[in-house]
Amino acid sequence: MTGVRTLGEVLVRLTGQLRDAGIPSARLDARLLLAHGLSISTTAVFSHPERVLDDAELDRVTGLARRRAAREPVSHILGRREFWSLSFRVTADTLDPRPDTETLVEAVLDRIPDRDRPLRLLDLGTGTGCILLALLSELPRASGLGIDRSPAALEVAAGNADALGLAGRARFQTGDWGRGLEPDFDIIVSNPPYIPDGDIDGLEAEVARFEPRSALAGGTDGLDCYRALAPDLARLLVRGGTAALEVGAGQSRDVGEILSGAGLGIFAIRRDLAGVERCVVAVRL
């Protein structure tokens, strides 16, 4: 960046570099990376364009931009992602929390008219813990258990629970879906892998190259995990209990049939903000 020293100039230069790399959110990403690299607020990036960066600062923000130009997700570079207005630590071992998944949280909360009840929650494939912890933040007397096969992901989830002040009501342990667990849970949630194996390499680079394949791959048709989950849901839920599962586009009918075949009644299918059927809500009959 020869001759480029001020914050305003660096913002323009990084934005151009990211745009040339095919990043559609180039200006926003450049602002986030500058704020992170300089330990300032995103507002300060705009409000103090005259600030002169020293060599160490230039090297640092240039390195961050280089990582983003290589399509590493901004959340991985920053180490954080917002979900349900809460800040979650993310790593290469966890699936990034996505706005679409908030549809699942909303669907569960709509099933709970009395949020002061001492409910028992189970999150299968918890990852960062974002679904479970978002629900616990809204249910002051609830407690929850998060299950994941990845010890590294569980470490992230436990850290998020602690940072959000929810560690006293959330536990995390390794497991294979619901196998070996004892009933009775009032609510079970899951965002299982649902991308057909053959489609993964065609996803955007930020997903295909940087997110854990184990959190994406759902078998030949994308439905393997639902088939594995369904018997556990029926066994672990209390009678009248609710299961809410995220699904991929076009999968809601097939997932509903899998759950019905396991003895669950389909209560609702919820659409995300884009109008895609994103969540299947089922009830143990």
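The values are calculated or read from the model by the stated rules, or taken from the named source; none is laboratory data. Here the structure is a predicted model, which means the values were calculated and not measured. Every residue, glycine as well, gets a Cβ built from its backbone with ideal geometry; the counts of neighbours run over all protein chains shown.
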Can you name the residue in the range 28-37 that is surrounded by 15 or more Cβ atoms within 10 Å (Cβ to Cβ) and free of Cβ contacts under 8 Å to residues at least 24 places away in the same chain and is also farthest from Gly8 (Cα to Cα) among such residues?
Ala35
Please go through the range 65-108 and pick out each residue that is touching a residue at least 24 places away in the same chain (Cβ under 8 Å), among the hydroxyl-bearing types (Ser, Thr, Tyr) and assigned to a helix (DSSP H, G or I).
Thr101, Thr103
Determine whether the range 164-185 contains at least one residue that is modelled with pLDDT under 95 and in contact with a His (Cβ under 9 Å, 6 or more places away or on another chain).
no
Take the residues in the range 34-61 that are modelled with pLDDT under 95 and β-branched (Val, Ile, Thr); name whichever of them is farthest from the chain's Cα centre (by Cα).
Val52
Among the candidates Ala234, Ala228, Ala249, single out the residue that is outside any strand (DSSP E or B), free of Cβ contacts under 8 Å to residues at least 40 places away in the same chain, hydrophobic (A, V, I, L, M, F, W, C) and in the same structural domain as Leu122 (by TED's automatic domain parsing).
Ala249
Working only within the range 176-212, note down all residues that are at positive phi and small (Gly, Ala, Ser).
Gly180
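Okay, residues lined up against (1) in contact with a helix residue (DSSP H, G or I) (Cβ under 8 Å, 6 or more places away or on another chain); (2) crowded, with 17+ Cβ neighbours inside 10 Å; (3) free of Cβ contacts under 8 Å to residues at least 60 places away in the same chain; (4) farther than 25 Å from Ala158 by Cα:
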{"site": "Pro193", "(1), (2), (3), (4)": "yes, yes, no, no"}
{"site": "Asp201", "(1), (2), (3), (4)": "yes, no, yes, yes"}
{"site": "Ala217", "(1), (2), (3), (4)": "yes, yes, yes, no"}
{"site": "Gly241", "(1), (2), (3), (4)": "no, yes, yes, yes"}
{"site": "Arg253", "(1), (2), (3), (4)": "no, no, yes, yes"}
{"site": "Leu273", "(1), (2), (3), (4)": "yes, no, no, yes"}
{"site": "Val283", "(1), (2), (3), (4)": "no, yes, yes, yes"}
If you check Glu206, Glu211, which single one turns out to be acidic (Asp, Glu) and surrounded by 20 or more Cβ atoms within 10 Å (Cβ to Cβ)?
Glu211
